[in-house]
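Have a look at the structure below before the remarks.
The values are calculated or read from the model by the stated rules, or taken from the named source; none is laboratory data. Since we're looking at a predicted model, the values are computed, not measured. Counting neighbours? That spans all protein chains shown, and the Cβs are built from the backbone with ideal geometry, glycine included.
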Amino acid sequence: MVRTVERLALRVLAACDATGNRLYGWRFNPLYQSGTIVVALYLTIVATGLWLILFYRVGSPWESIASLTANLWIGNWVRGLHRYASDAAVVATAVHAFRMFAQGRSWGPRALAWVSGGVLLFLLLLCGWTGYVMVWDTFGEYLARESARLLDALPILSEPTSRAFTGERPVPSVFFFVTLFAHIGLPLGMGVVFWLHIKRLERPVLLPPRPIAWGTMGLLAGVAIAHPLVMAPKANAFVLPAEIPVDVFFAFWLPLVRAVPGGVALSGLVLAAAVLLVLPALTARRGTARPAPSTVDEEICTGCRQCSLDCPYGAIQMIERTSRRSMEVARVDSTLCVSCGICAGSCAPMGVGPPGRSGREQVAGVQAFLAAPERRPGAVVAICCAHGAVAHRSALAAAEAVVYPIDCAGNLHTSVIEMLLRGGVGGVLVFACPPRDCLNREGPRWLVERMYHEREAELQARVDRARVRVVHVNAGEQHEAVSALQRFALDLSALAAPAVDRAAAVDAVCEASTTGVHS
Amino acid sequence: MTPIGRAVGVVAALVAPIGIGWASTLRTTPNDSASAVLRLAWTARPERIENCRAQSDDELAKIPAHMRQAVVCEGTTAAYRLEVRRDSSLLVDQIVRGGGVRHDRPLYVSRDIALPSGEAMVSVRFTRIDSVEPPATASAKIAHREQDEKDGERHPAVMDPDRRRHEDEERVRLRGEIAPAILSLEQRFRFVPRQVILVTYDSDRRELVARAGAAR
């Protein structure tokens, strides 16, 4: 059931990503930057909030905000930007969570990020709640009254919280003081949870590319200026407002709970939050479906540290070696390893990687591929990431490419490319996912570095680069994939026929070695 | 990218924040525009139904000095019936008990009743339905009498006289906060659409009172 929903979500996501790539290119596709956009929006919210707080008075909340809103130069648009950035943060968070769910990045070692992300979303919504209530207009009162109704369903409260809003007496200033305190304190707490959220990531990218960051803020500021906020009437317990302005991003739950008793509504919301938090247990792969973590062959490991440097999750540490050879040896922490296989592509001597996907097993696989009798000499081999371009397998095959699937582009050992070319294929076209779309975070990045920038384990200089190309396409970009293949085939047609040279040995020397003895 | 694709991209980039601005300021009509609301909201301390007894010197000596009570009471609180009528038709008939899991906290009435606009005679009755006077008061009085008789004999080391006096004062204060056995309000109101008329308990006057705000 969950897996079916995941697959469906992935198809929707791929289609949306493909549309985003067509409109903005993969470098500036905002859908790939949902998480970093939230951070940029958070900074915008904090900056504008610091300004707005200067004008807020707990003794006269509505009046102080009304006065600020009436000032078009220094008040209204700043408040508008503060509000719209908060709304956009909810949207971006939802998109980010959807991506993680659809791509199956919510369980195992990633469960901490998922759960902390759920807590961050809750804190964001709570922060928005305090922000609206502290204005104490009709919407703020409506939010407060409905929330109090839900809270009062708890049997532990001796005195119902909704009593504060019935009109028996004025809402005390201390309520607004506490709300203001929470509105300031919650974002600070979010900072701590955010640290947990990215704790297991190496080299986390915190901010989007500048055009996206400034573009997002500029557009929201533009809307804030073009569509100035209008102050809702002051809350009055003795008058039912005819109309209430409602922010659907922070009050999406209000229409759902209005018609049901407080206890039922509260139970429903708690259940929804619980499902969100226990999702890692529901989406977790078990048994044979769970990919095994990487292992290290200590006899082969030269202690060069490259796998440790490349691991996107900090799952590989270098420890002191007790036996002969190098001073250090890689050790995989299986509780952190997501089995991305990027270490397999980083290890020149092919001593590390998940079972079945290490460099040596990739080489064995390509040897079997080259030995296959049905292989057409001179054909283009399309190496396709299993999470992206492999969806275009049929279309690529129809365009006369030989499809060679691989688990992740970052998993690909460059020796595979070299062996394919030496084996007489016309060219190797690697279909990697767009870098920000990589299931394993840094696969395409390291692949490009290894192929074109001599990062270990680099593609050897003797390999003809004219016969190798990397293209970034996702699972929704079939047309782009086929077009890229046709362009590549056209470029190859201008080259001489490929030579077959199976005699040369694969270079298994790690040049980045700092402490080890090369094999 | 084609010029059309670029134009679509720009339009999409504009539509997203405009959509956010629009959805951020949607308007809803949560209230029926033709109705008024009779809001019942008050809190009061319910009558205690309890058995009280004086503690012996031996019992008190076993308790830390700051926790000693000359008279200890165990029991629960009375339930009340809330009845609301509009022009003699019954709108609400509800049993109200004290707050908390053990119902030993103050009771709380909170109810919004939507009513059509126009004039109407409203009757609100809040009556105690548990009989409490004979056993509780009798036992408390006996306990007090016994205690008063003993106090003269008690050594200050067992029960501090100041503490004993404070205990009595506290008991009197709590009794003063207890809601009367019958609270009622009968009044003719003119209900205006979207106006809220609040019926609440005035603890100083020990009666139900009505308050209304100006309709907008």
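To keep it simple, each residue is scored yes or no on (1) surrounded by fewer than 17 Cβ atoms within 10 Å (Cβ to Cβ); (2) without any contact (Cβ under 8 Å) to a residue 12 or more places away in the chain; (3) in contact with a Leu (Cβ under 7 Å, 6 or more places away or on another chain); (4) closer than 26 Å to residue A:242 by Cα.
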{"position": "A:172", "(1), (2), (3), (4)": "yes, yes, no, yes"}
{"position": "A:180", "(1), (2), (3), (4)": "no, no, no, no"}
{"position": "A:188", "(1), (2), (3), (4)": "yes, yes, no, no"}
{"position": "A:200", "(1), (2), (3), (4)": "no, no, yes, no"}
{"position": "A:203", "(1), (2), (3), (4)": "yes, no, no, no"}
{"position": "A:208", "(1), (2), (3), (4)": "no, no, no, no"}
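Filtering A:258, A:290, A:286 for residues that are over 30 Å from residue A:342 (Cα atoms) and of a type outside the set (S, T, N, Q) leaves a single hit, A:258.
Scanning region B:97-115 for residues that are touching a Lys or Arg at 6+ places or on another chain (Cβ under 9 Å) and either under 26 Å from residue B:32 (Cβ atoms) or among the small types (Gly, Ala, Ser) (or both) yields B:98, B:99, B:108, B:110, B:111, B:112, B:113, B:115.
If only one of B:131, B:110 is within 12 Å of another protein chain (Cβ to nearest Cβ) and of a type in the set (S, T, N, Q), which one is it?
That would be B:110, the only listed residue that is within 12 Å of another protein chain (Cβ to nearest Cβ) and of a type in the set (S, T, N, Q).
For region A:464-491, the set of residues classified as buried (at least 20 other Cβ atoms within 10 Å of the Cβ), among the hydrophobic types (A, V, I, L, M, F, W, C) and outside any strand (DSSP E or B) consists of A:473, A:475, A:481, A:484, A:485, A:488, listed by residue number.
For residue A:184, the criteria (1) closer than 27 Å to residue A:267 by Cα; (2) more than 13 Å from chain B (Cβ to nearest Cβ) hold in every case but one, which is (1). Can residue A:255 be described as part of a loop (DSSP other than H, G, I, E, B) and either without any contact (Cβ under 8 Å) to a residue 60 or more places away in the chain or within 14 Å of another protein chain (Cβ to nearest Cβ) (or both)? No; evaluated as a whole, the condition is false for this residue. Every condition in (1) crowded, with 24+ Cβ neighbours inside 10 Å; (2) modelled with pLDDT under 95; (3) in contact with an Asp or Glu (Cβ under 6 Å, 6 or more places away or on another chain) holds for residue A:425 except the one numbered (3). Every listed requirement among (1) within 14 Å of another protein chain (Cβ to nearest Cβ); (2) at pLDDT 95 or above; (3) closer than 23 Å to residue A:54 by Cα is met by residue A:171 save one, (2).
With respect to residue A:308, determine if the residue is in a helix (DSSP H, G or I), of a type outside the set (A, V, I, L, M) and outside the structural domain of residue A:408 (by TED's automatic domain parsing). Spelling it out, it is not the case that residue A:308 is in a helix (DSSP H, G or I), of a type outside the set (A, V, I, L, M) and outside the structural domain of residue A:408 (by TED's automatic domain parsing).
Would a scan of region A:221-234 turn up a residue that is touching a helix residue (DSSP H, G or I) at 6+ places or on another chain (Cβ under 7 Å), in contact (Cβ under 8 Å) with a residue 40 or more places away in the chain, under 30 Å from residue A:62 (Cα atoms) and of a type in the set (D, E, K, R)? For region A:221-234, residues touching a helix residue (DSSP H, G or I) at 6+ places or on another chain (Cβ under 7 Å), in contact (Cβ under 8 Å) with a residue 40 or more places away in the chain, under 30 Å from residue A:62 (Cα atoms) and of a type in the set (D, E, K, R): present. Here residue A:59 does not fit the description of being over 15 Å from the mean Cα position of the chain (by Cα), part of a helix (DSSP H, G or I) and surrounded by fewer than 23 Cβ atoms within 10 Å (Cβ to Cβ).
The set of residues from region B:186-202 being within 11 Å of another protein chain (Cβ to nearest Cβ) and touching a residue at least 24 places away in the same chain (Cβ under 8 Å) comprises B:192, B:193, B:194, B:195, B:196, B:197, B:198, B:199, B:200, B:201. Scan region A:91-109 and tell me whether some residue there is away from every other protein chain (no Cβ under 14 Å), among the aliphatic types (A, V, I, L, M), under 19 Å from residue A:179 (Cβ atoms) and in contact (Cβ under 8 Å) with a residue 40 or more places away in the chain. Checked against the condition, which is being away from every other protein chain (no Cβ under 14 Å), among the aliphatic types (A, V, I, L, M), under 19 Å from residue A:179 (Cβ atoms) and in contact (Cβ under 8 Å) with a residue 40 or more places away in the chain, region A:91-109 yields no hits at all.
The residues listed here are B:79, B:36; of these, the one that is within 14 Å of chain A (Cβ to nearest Cβ), among the small types (Gly, Ala, Ser) and buried (at least 17 other Cβ atoms within 10 Å of the Cβ) is B:36. Criterion applied to A:73, A:114, A:62 was being in contact (Cβ under 8 Å) with a residue 12 or more places away in the chain and either within 14 Å of chain B (Cβ to nearest Cβ) or closer than 27 Å to residue A:234 by Cα (or both), and the one residue passing it is A:62. Based on what the data block shows, is residue A:223 within 11 Å of chain B (Cβ to nearest Cβ), outside any helix (DSSP H, G or I), at pLDDT 95 or above and surrounded by 14 or more Cβ atoms within 10 Å (Cβ to Cβ)? It is false that residue A:223 is within 11 Å of chain B (Cβ to nearest Cβ), outside any helix (DSSP H, G or I), at pLDDT 95 or above and surrounded by 14 or more Cβ atoms within 10 Å (Cβ to Cβ). Taken over region A:357-369, the criterion of being surrounded by fewer than 23 Cβ atoms within 10 Å (Cβ to Cβ) and in contact (Cβ under 8 Å) with a residue 60 or more places away in the chain is satisfied by A:363 alone. Checking the stated criteria, residue B:53 turns out to be more than 9 Å from every other protein chain (Cβ to nearest Cβ), part of a strand (DSSP E or B) and surrounded by fewer than 18 Cβ atoms within 10 Å (Cβ to Cβ). Within region A:226-240, the residues that satisfy the criterion of being at the interface with chain B (Cβ under 7 Å from one of its Cβ atoms) and not β-branched (Val, Ile, Thr) are A:227, A:236, A:237, A:238, A:240.
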